[in-house]
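Novice: Below: one structure in structure tokens.
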Amino acid sequence: MIAARAMGDALRAALENDDRVILLGEDLVDPYGGAFKVTRGLSTDFPGRVRSTPISEGAIVGLSAGLALSGYRPIAEIMFGDFLTLCFDQIVNHITKYEAMYNGRVTCPVIIRTPSGGGRGYGPTHSQSLEKHFLGVPHLRVVASSLVHDPASVLGALLAQDSPVLQIEHKLLYPLHMMLPAGGRIEGDIAEQHVSADGLRTVSIRPVPRQDCSFTVLAYGYQAELARRVLSRLAVEEEIFGELIVPSQISPLDWEPIDASVNVTRSLLVIEEGVEGFSWGSGVAARISAHFFGKLRRPVATAASDPTVIPSSKMLEAEMLMTAERVERVIRKVAT
């Protein structure tokens with residue numbers, strides 16, 4: 001099953017299982033079914049609970065906040081992650097603060113989904129990965145979809161708690177087939193799942209036992225899939241063995257599975273598509289470097305896209321984003 005369909009089925013299950021769930025966003029209703037067709041068919045089957053909105057991201061998120069305060073479980077879609085800037089105030093100064101401001105007497109469990117990332121030639125304002133600007137916001141969970149995490153399981157865990165959530169879904173994942181762990185394996189590789197106390201999973205993927213891996217790669221979303229492909233091929237063709245850690249929640253991080261891997265390999269590479277500088281990777285590097293001070297074989301390596309505006313030209317875009325070729329280069333560098 002492709003990722004877009006899996007996400008759509010997860011939303012369907014949420015609507016079926018809880019009458020409080022409402023979907024809001026631009027062009028969600030049939031026949032359009034959303035910009036990436038994730039919600040196709042849902043408005044027909046759940047009339048009145050899947051709503052297309054005016055083109056106002058601030059209004060979408062503000063309305064969602066009001067619904068959440070009234071006891072509903074709104075799931076808002078922002079058509080492109082770039083437009084999160086238009087609802088930054090609603091998220092940072094309102095949704096994430098209400099529970100603390102009112103001493104726990106209210107909760108505001110808004111879930112905001114948004115397609116993100118480049119690689120499709122959409123240009124400077126429809127291709128960015130802006131999630132780093134939301135990392136570390138108190139009481140906000142930032143989650144990233146991947147091919148190795150079941151969307152229904154992730155969404156179920158998020159709906160079972162009352163924290164606001166920002167869910168990042170990379171556009172290039174939508175047409176790809178899910179690769180969920182089965183029998184402790186993903187395409188022949190060992191796949192280990194660590195479940196946090198709140199039900200969110202981190203998946204560790206390695207071609208050989210951990211003690212035979214010489215480095216750890218930490219990545220999420222589409223970058224995790226690129227890294228998985230590279231690591232699988234290098235293991236078969238060149239006997240270069242590394243372990244890939246894929247968290248479903250990227251902020252706050254569940255450090256236990258990351259620490260378990262780095263404690264053995266003593267080498268870490270962090271990959272993300274967002275531009276370099278004050279990034280997810282730099283935050284991880286700071287924490288791992290302090291936690292494993294004196295134990296690492298080399299400094300923590302980070303890899304991110306170039307700190308510039310994403311060009312409209314797909315050729316120029318490929319030169320500055322973290323493409324498959326760049327992912328392989330940085331993995332080879334830490335493997336030497």
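The values are calculated or read from the model by the stated rules, or taken from the named source; none is laboratory data. None of these values were measured; they are calculated from a predicted model. We place every Cβ from the backbone using ideal geometry, glycine too, and count neighbours over all the protein chains shown. Ligands, DNA and RNA are excluded from the accessible area calculation, which covers all protein heavy atoms including side chains. Shrake-Rupley method; radii C 1.70, N 1.55, O 1.52, S 1.80 Å.
Novice: Across the stretch 186-205, which residue is modelled with the lowest pLDDT among those that are of a type in the set (D, E, K, R), over 17 Å from the mean Cα position of the chain (by Cα) and open to solvent by 40 Å² or more (accessible area, probe 1.4 Å)?
Specialist: Glu187
Novice: Further, regarding this structure: Here's a check for you: in the stretch 80-101, which residue that is hydrophobic (A, V, I, L, M, F, W, C) and touching a Gly at 6+ places or on another chain (Cβ under 7 Å) is surrounded by the most Cβ atoms within 10 Å (Cβ to Cβ)?
Specialist: Per the criteria, the residue is Cys87.
Novice: Criterion first (farther than 30 Å from Pro181 by Cα, open to solvent by 20 Å² or more (accessible area, probe 1.4 Å), of a type in the set (D, E, K, R) and not in a strand (DSSP E or B)) does Asp9 satisfy it?
Specialist: So Asp9 fails the test.
Novice: Still on this model: Do you know which residues across the stretch 276-322 are part of a loop (DSSP other than H, G, I, E, B) and crowded, with 18+ Cβ neighbours inside 10 Å?
Specialist: Once the filter is applied, which keeps residues that are part of a loop (DSSP other than H, G, I, E, B) and crowded, with 18+ Cβ neighbours inside 10 Å, the stretch 276-322 yields Ser279, Val300, Ile310, Pro311, Leu321, Met322.
Novice: Next question. Where the second residue is open to solvent by less than 10 Å² (accessible area, probe 1.4 Å) and in a helix (DSSP H, G or I) and the first is farther than 30 Å from Val142 by Cβ and touching a residue at least 60 places away in the same chain (Cβ under 8 Å) and lies in the stretch 222-249, which pairs have Cβ atoms under 7 Å and are six or more apart or on separate chains?
Specialist: Ile240/Leu234
Novice: Among the numbered criteria (1) assigned to a helix (DSSP H, G or I); (2) open to solvent by 20 Å² or more (accessible area, probe 1.4 Å), which one does Gly71 miss?
Specialist: (1)
Novice: Which one of Val300, Val264, Val270 is in contact with a Lys or Arg (Cβ under 7 Å, 6 or more places away or on another chain) and free of Cβ contacts under 8 Å to residues at least 60 places away in the same chain?
Specialist: When all the criteria are applied, what remains is Val264.
Novice: Right, here's the next one. Pull up the stretch 58-68, narrow it to residues that are over 11 Å from Ile112 (Cα atoms) and among the aliphatic types (A, V, I, L, M), then point me to the one that is surrounded by the most Cβ atoms within 10 Å (Cβ to Cβ).
Specialist: Out of the qualifying residues, it is Ala68.
Novice: Is the stretch 101-112 home to any residue that is at pLDDT 95 or above and small (Gly, Ala, Ser)?
Specialist: No, that holds for no residue.
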